[in-house]
């Protein structure tokens, strides 16, 4: 097969580019420690996640020193907690979100950050992040979920540790 | 408390906001004991000026169920862009009436927005699913506003007016048809209903024409909305073929049977309607085109001049109408345009399309382009291409590094587990 | 003699396909403008839609443009490419019309269901489920039947191409497959392998479910089946563009294709790699092990290779044309190209925008960086450069050249036609750069009210403000619709003219490649081999994950329908 020498060079350059891209992603996973949301959150009943043993009543639970679990139920068109009352966690904490839908497919995107996941009926999206700064985050459903999809928003409030009210934490 | 945060999330949004409106609501409630509150806007509760979206299934009519002991409100009925409606959205009842809320779809609750000062209705805050129901008895006069917390944003709101039947108006029957004349009810919208209820009270005999012109053919009851006095004999006269009269709903203790066999021109039958209330009926073969009608038995409430407009009857949105009209206009323009484009063009093609069995020259194409200088494979090295793809390569690498290490890894909240 | 004189039957088929495609294009384009203005809050009060109908418009825009316009145009264009390059009529015009009929009825059913969102008086329930129709959101069954008929119709046309090829092969046992036919056949092999996914999703699950015959479906499984089809479908749009770039753009530029064998290699790579990549649309889906996501990523990254090779070959062919036209210098030859020829300008600008869209595609392919842009407006920013320009602008440019040959009518409004690609290019530049930057700021896609209750300032960043992004999107969308109308005026004027009144300004001659098919190995033409390997790769990439999703019961965890 006749291939021009420029084409051979470009072929090599292209393969290098591809290898470089894959290497970057691997670095992100291993070096920078970015984990993918996967099947570790388990499965729940699609219409009633809280009834499943893998899930709990929606709320914030303390699991250790500076470690919290947040169970969020998404439904047309709100997050519980999140939409009515904000999700409130202390600054400097490591928080694991467990998010499940009780009706249709939703999204859970903390706007302007890397915390972003699909919420698919029957599956639990489980993600851990560290909240270093005390500030408030806007949460948007970013998968179309029905007529008022655009109203499905919420808030995460990261409060200074001394202002965090321990009584808001649900007991396991 | 086991899960304080969880409970709090079910708290009533907007309850404080509405406190200021309570006095006005109470005043409205007493106004409702009069007669003119057939239509009310509840201080904008059903619009998006209030918390949440516009309540599409509220058509401006308060369904009058005064005098009944038990009234049902459907939770999660069709409306507001899904199964997000209380049906009826607004209802007027007498003091002491028990209202039963029945869930027909999932994930709804009944959260109280406002109520009369000394009332203590709690609604039902927990989210429930299809099949659930609860009842409340309303004693205190006034207006109760409530909503569904998960679906407030699409306008899932309701209101209950508790009012005394008022004095001499006690036996008045408002002309309230719900969505019967709209396409939200079974069948199409009723084109020949213009929002007017023809008042024939005081007459002993009244005629309704079956199969009159309307609804895209001879598919109308005329008049579609009629008010008569109790005891009036209504005669139905067929003026076109294949219609019947099927009763959709009638007052609880009435027993009108309509006339279900399908009849043709010349047929007629009569019915004497004694029980006060609203009778809705339709023609089964032509329901889908909107052959529907209603009769109100009883005097009109004062100032309720024969019944106000009951819901909108727009079968098409303005957008679709415009597009459709545009398409028709464009299609009609085509011959005109063709005339324009063909004005200077000879009818017979210039080319020779040959004789039977032998191909002709056919349409003439432009001549094949001749290169200024012929360049063969061996004498051509794509230097410019090499330069361009090299630049492209560098842009890709630079953009990738920027996107990955600045925009992504430099962003807030890294998912670590 | 032009194409319509040689193949009047096939020309009629192509004209009908293009006619339906252009009507869908017109309607879908107007929907796009409504949508662009609504979500950027320009003239929102004056628009005839509300927030709920925004999603009707969005569904219509996606289905009419991404599914109807593309499929009809491609199936029509492939009728032309097959007959022209094999130099024989179709195996059966009648069978091809059956395929067209199936697609047409399917489109009518789905469109009626969608338009119901504006006019509840129509006989179907609404279908505001967007073109991805994720269960458990449920549309009227007519929507799913329509989608199925559209796909089945395209399968029938694919069968016609293969049968025509088989007839040709019987007459030419030793010849290499003509390049255009090779591209048509490989594209359809990929299409058959991949559209099985959506066929199973719709026929086995969604239709029985929407009719109430089964109570529940597994949202993750149906979604995975959709994306099994959902990524290859973008190559189903793109490869006809590649066919034009490889076989027509060199001619438009005045040159010859640089390398026929490399073009074949590229199409073979697409056959092999297009399908086992769907999980890259599900990088941040729960319920899928990250190992499967990683495998999908390496496959996806490898798919960059054929596109990067294409970039070189196509640019080299264009440069060859420029030099044959007398151009010289390292980059000075660019000036020698026929930039005032609409067919050339449109195709070339489409290729240029695809180079930009290729970059955002590389980001989309990166596994963990998907957290940054998933379901933000970055994603529509990307695919408006690819399907929305690489395909759509190429299709318009090809039409300027091909429609005269299909009708025997010279192109009308040539000046309008020669400006049109530039208007599209400017409009898309404004719109897509703003969408990409908006995505980085976290603006969600698919929403009537993007900033929600957070307020616009929550999305302002160092590089952009929401106000400026909105202005660019609204302006870009307006220019795009202006360009679309210009195209339609040219097509309408040409169509309404009389045939045969004067010589065409184009010719159907396609020069031989510089390096012909005989310079490549014959194994490239072994379609059975490539199909076999493609199926094995699909089984490797999808067998285990789909197996684990159905292991707990094919309908579990099951979700009941939520009508919209």
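When residue B:43 is evaluated against the numbered criteria (1) at pLDDT below 85; (2) out of contact with any helix residue (DSSP H, G or I) (no Cβ under 6 Å at 6 or more places or on another chain), which criterion, by number, is the only one it fails?
Of the numbered conditions (1) at pLDDT below 85; (2) out of contact with any helix residue (DSSP H, G or I) (no Cβ under 6 Å at 6 or more places or on another chain), the odd one out for residue B:43 is (2).
Within region C:329-415, which helices (runs of 4 or more DSSP H) (wholly inside it) include 3 or more residues that are surrounded by fewer than 24 Cβ atoms within 10 Å (Cβ to Cβ) and within 14 Å of chain A (Cβ to nearest Cβ)? Give the derivation first.
Working: elements: C:342-365, C:370-373, C:378-385, C:392-407.
By residue number, C:342-365.
crowded, with 16+ Cβ neighbours inside 10 Å, outside any helix (DSSP H, G or I) and at pLDDT below 90, is that true of residue B:380? So that I can check it myself, show each step before the final result.
Numbers: crowded, with 16+ Cβ neighbours inside 10 Å: yes; outside any helix (DSSP H, G or I): yes; at pLDDT below 90: no.
Against the criterion (crowded, with 16+ Cβ neighbours inside 10 Å, outside any helix (DSSP H, G or I) and at pLDDT below 90), residue B:380 does not qualify.
Take the conditions modelled with pLDDT of 95 or more and within 25 Å of residue A:145 (Cα to Cα) and apply them to residue C:17. Does it pass? Reasoning before the result, please.
On the way: modelled with pLDDT of 95 or more: yes; within 25 Å of residue A:145 (Cα to Cα): no.
The answer is no for residue C:17.
Could you check region A:118-157 and list, in sequence order, the residues that are touching a helix residue (DSSP H, G or I) at 6+ places or on another chain (Cβ under 6 Å) and farther than 27 Å from residue C:280 by Cα?
A:147, A:148, A:151
Output the residue which, of all residues in region B:94-107 that are modelled with pLDDT under 90 and under 27 Å from the mean Cα position of the chain (by Cα), is surrounded by the fewest Cβ atoms within 10 Å (Cβ to Cβ).
Filtering first and then ranking leaves B:105.
Taking residue B:416 as meeting all but one of (1) surrounded by 13 or more Cβ atoms within 10 Å (Cβ to Cβ); (2) part of a loop (DSSP other than H, G, I, E, B); (3) at pLDDT 90 or above; (4) within 7 Å of chain C (Cβ to nearest Cβ), write down the number of the exception.
(4)
Select, from B:131, B:96, B:52, the only residue that is within 14 Å of chain A (Cβ to nearest Cβ), in contact with a strand residue (DSSP E or B) (Cβ under 9 Å, 6 or more places away or on another chain) and in contact (Cβ under 8 Å) with a residue 40 or more places away in the chain. Spell out how you get there, then give the answer.
Details: B:131 fails: in contact (Cβ under 8 Å) with a residue 40 or more places away in the chain; B:96 fails: within 14 Å of chain A (Cβ to nearest Cβ).
Going through B:131, B:96, B:52 in turn, just one is within 14 Å of chain A (Cβ to nearest Cβ), in contact with a strand residue (DSSP E or B) (Cβ under 9 Å, 6 or more places away or on another chain) and in contact (Cβ under 8 Å) with a residue 40 or more places away in the chain: B:52.
Any idea which of (1) surrounded by fewer than 24 Cβ atoms within 10 Å (Cβ to Cβ); (2) touching a helix residue (DSSP H, G or I) at 6+ places or on another chain (Cβ under 9 Å); (3) at pLDDT 95 or above is the one residue C:44 doesn't satisfy?
Only one criterion is unmet by residue C:44, namely (3).
Given the criteria free of Cβ contacts under 8 Å to residues at least 12 places away in the same chain and surrounded by fewer than 22 Cβ atoms within 10 Å (Cβ to Cβ), does residue C:94 qualify? I'd like the intermediate steps shown before the answer.
Details: free of Cβ contacts under 8 Å to residues at least 12 places away in the same chain: yes; surrounded by fewer than 22 Cβ atoms within 10 Å (Cβ to Cβ): yes.
So residue C:94 fits the description; yes.
Quick check on my filter: what residues within region A:30-45 are part of a loop (DSSP other than H, G, I, E, B), within 7 Å of chain C (Cβ to nearest Cβ) and closer than 19 Å to residue A:130 by Cα?
A:34, A:36, A:37, A:38
Tell me, which helices (runs of 4 or more DSSP H) wholly within region C:192-301 include 2 or more residues that are within 14 Å of another protein chain (Cβ to nearest Cβ)?
Details: elements: C:207-210, C:219-230, C:232-247, C:249-252, C:260-273.
Ranges flagged: C:219-230, C:249-252, C:260-273.
Which one is surrounded by the fewest Cβ atoms within 10 Å (Cβ to Cβ), of the residues in region A:64-84 that are more than 23 Å from residue A:143 (Cβ to Cβ) and either free of Cβ contacts under 8 Å to residues at least 40 places away in the same chain or at the interface with chain B (Cβ under 7 Å from one of its Cβ atoms) (or both)? Quick ask: steps written out before the conclusion?
In the first step, residues of region A:64-84 are kept if they are more than 23 Å from residue A:143 (Cβ to Cβ); the result is A:64-69.
After this cut, where a residue has to be either free of Cβ contacts under 8 Å to residues at least 40 places away in the same chain or at the interface with chain B (Cβ under 7 Å from one of its Cβ atoms) (or both) as well, the list is A:64-67, A:69.
Values: A:64: 9, A:65: 7, A:66: 15, A:67: 13, A:69: 19.
Filtering region A:64-84 for residues that are more than 23 Å from residue A:143 (Cβ to Cβ) and either free of Cβ contacts under 8 Å to residues at least 40 places away in the same chain or at the interface with chain B (Cβ under 7 Å from one of its Cβ atoms) (or both), the one surrounded by the fewest Cβ atoms within 10 Å (Cβ to Cβ) comes out as A:65.
Consider region B:242-263. How many of its residues are in contact (Cβ under 8 Å) with a residue 60 or more places away in the chain and part of a loop (DSSP other than H, G, I, E, B)? Spell out how you get there, then give the answer.
As a first pass, look at region B:242-263 and keep what is in contact (Cβ under 8 Å) with a residue 60 or more places away in the chain: B:248, B:252.
With the extra rule that they be part of a loop (DSSP other than H, G, I, E, B), the set shrinks to B:252.
Residues meeting the conditions: 1.
Please state which of the following conditions residue B:215 fails to meet, knowing it meets all the rest: (1) surrounded by 16 or more Cβ atoms within 10 Å (Cβ to Cβ); (2) at negative phi; (3) out of contact with any strand residue (DSSP E or B) (no Cβ under 8 Å at 6 or more places or on another chain); (4) modelled with pLDDT under 85.
All conditions are met except number (2).
Among the strands (runs of 3 or more DSSP E) contained in region A:103-172, which hold 2 or more residues that are touching a strand residue (DSSP E or B) at 6+ places or on another chain (Cβ under 6 Å) and not assigned by TED's automatic domain parsing to the domain that holds residue A:57?
Numbers: elements: A:106-110, A:116-119, A:125-131, A:136-140, A:153-159.
Where strands (runs of 3 or more DSSP E) fall fully within region A:103-172, none carries at least 2 residues being touching a strand residue (DSSP E or B) at 6+ places or on another chain (Cβ under 6 Å) and not assigned by TED's automatic domain parsing to the domain that holds residue A:57.
The values are calculated or read from the model by the stated rules, or taken from the named source; none is laboratory data. The model shown is predicted, which means the values in this text are computed figures rather than measured ones. Every residue, glycine as well, gets a Cβ built from its backbone with ideal geometry; the counts of neighbours run over all protein chains shown.
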